[in-house]
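Written out below as structure tokens is the structure these notes cover.
Please treat every number below as a calculation from the coordinates, not as lab data. Since the model is a prediction, treat every value here as computed from it, not as a measurement.
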């Protein structure tokens, strides 16, 4: 009779081992996703800073353009 409990505990150990492997794989996957998300956030922030700095520099060095004075057209009165 000692054989059936041994068989059950063996099956239970195998199932728990598979479950723990699946849980570890899942937690590793979630951890990797979180790291990738953080890297993307940092990259986006760095690129935003670079873009804003470039835009500020462009605004500093930009020569203000004056509107070319267009010759005024004579106004026409409405014809009714």
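Quick notes on this one:
- Along each principal axis, Cα extent of the chain, largest first, Å: 113, 46, 7
- The chain - mean residue ellipticity at 222 nm from DSSP helices (-39,500 (n - 2.57) per run, n ≥ 4, rounded to 500): -28000 deg cm²/dmol
- Nearest-ten-degree value, helix 3-61 long axis tilted from longest Cα axis of the chain: 10
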